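Structure, as structure tokens:
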Amino acid sequence: MGITIFSGLKLMEIAKVDEKGRVVIPKSLRDKAEVKEGSYVKVKANGKNIIIEPLEPIANKYFGAFKIVKWPEDLDEFVVKVMKKWWTQKAT
């Protein structure tokens, strides 16, 4: 539950920080930014501003880069493992 404020063409919501420092991103903003349950976001500070940006899944970034006979259940996890293996081989 938040307060919706329209500032020009931008949508802004007001949310409360709980005792553990958590903030619920209002649904209207999650929908607009296409942030879904289980998604990762980047959180950074810029002075006194806190910026939350959605991260694109690795699978989307490298789609079509690998020829795979059977797709793994968790494509992001698979790509991370492949990249770690490739990086380890390049380092030696």
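Computed from the coordinates by the stated procedures, all read-outs in this text should not be read as laboratory data. Owing to the predicted nature of the structure, the values given are computational and were not obtained by experimental measurement. Counting neighbours? That spans all protein chains shown, and the Cβs are built from the backbone with ideal geometry, glycine included.
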Q: Give 27/81; 20/48; 20/44; 61/84; 44/84 a once-over and call out the pairs whose C-alpha atoms are over 22 Å from each other.
A: 27/81; 44/84
Q) If you take the beta carbon distance between residue 31 and residue 76 as r and set R0 to 22 Å, what does 1/(1 + (r/R0)^6) give as a FRET efficiency, to the nearest 0.05? A) 0.50
Q) Of 42/85; 32/70; 16/36, which ones are farther than 23 Å apart at the Cα? A) 42/85; 32/70
